[in-house]
1. List the residue pairs whose Cβ atoms are under 7 Å apart, where the first residue sits in segment 44-56 and is outside any loop (DSSP other than H, G, I, E, B), the second is surrounded by 14 or more Cβ atoms within 10 Å (Cβ to Cβ) and among the acidic types (Asp, Glu), and the two are 6 or more positions apart or on different chains.
2. Does segment 41-58 include one or more residues that are open to solvent by 30 Å² or more (accessible area, probe 1.4 Å), at pLDDT below 90 and not small (Gly, Ala, Ser)?
3. Within segment 63-75, identify whether any single residue is assigned to a strand (DSSP E or B), at pLDDT 90 or above and open to solvent by 80 Å² or more (accessible area, probe 1.4 Å), and answer yes or no.
4. Would you tally the residues in segment 8-29 being in a loop (DSSP other than H, G, I, E, B) and among the aliphatic types (A, V, I, L, M)?
5. For the subset of segment 1-31 comprising residues that are surrounded by fewer than 19 Cβ atoms within 10 Å (Cβ to Cβ) and of a type in the set (Gly, Ala, Ser), which member is modelled with the lowest pLDDT?
Amino acid sequence: MEKPVIQVSSVTYAMRGRELLFRHGIRSYVERSTRSSRAGCGYNLYVPENADQAEKILRQANIKILGRLERADLR
């Protein structure tokens, strides 16, 4: 199963983003980036549902997004 992940530019943005999405009723989780990720500080937001809407909310709140990817769930 693929996991929608939004890459952010700092751990601060990841934490702020998680709280912002929570206030909009969207679950998200801060997680460390894998070693293969070259961009950013090493933190991402995993958004299991409504990733498109979540990205839009984050951008409107001026949270710097470096990219978005779908990666395999390693569980």
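The values are calculated or read from the model by the stated rules, or taken from the named source; none is laboratory data. What you see is a predicted model, and the numbers here were worked out from it, not measured in a lab. Glycine also receives a Cβ, built like all others from the backbone with ideal geometry; neighbour counts cover every protein chain displayed. To get the accessible areas, we keep the full protein, side chains included, count just its heavy atoms, and leave off ligands, DNA and RNA. Shrake-Rupley method; radii C 1.70, N 1.55, O 1.52, S 1.80 Å.
1. Pairs that qualify, where the first residue is outside any loop (DSSP other than H, G, I, E, B) and the partner is surrounded by 14 or more Cβ atoms within 10 Å (Cβ to Cβ) and among the acidic types (Asp, Glu), are 44/31; 46/31.
2. The first filter runs over segment 41-58 and keeps only residues open to solvent by 30 Å² or more (accessible area, probe 1.4 Å), leaving 41, 43, 46, 48-50, 52-53, 55-56.
Within this subset, residues satisfying the condition of being at pLDDT below 90 are 41, 43.
With the extra rule that they be not small (Gly, Ala, Ser), the set shrinks to 41, 43.
Within segment 41-58, one or more residues are open to solvent by 30 Å² or more (accessible area, probe 1.4 Å), at pLDDT below 90 and not small (Gly, Ala, Ser).
3. Looking through segment 63-75, at least one residue is assigned to a strand (DSSP E or B), at pLDDT 90 or above and open to solvent by 80 Å² or more (accessible area, probe 1.4 Å).
4. Initially, segment 8-29 is screened for residues in a loop (DSSP other than H, G, I, E, B), giving 9-10, 24-28.
Subsequent filtering for residues that are among the aliphatic types (A, V, I, L, M) retains 26.
Residues that pass the stated criteria total 1.
5. 9
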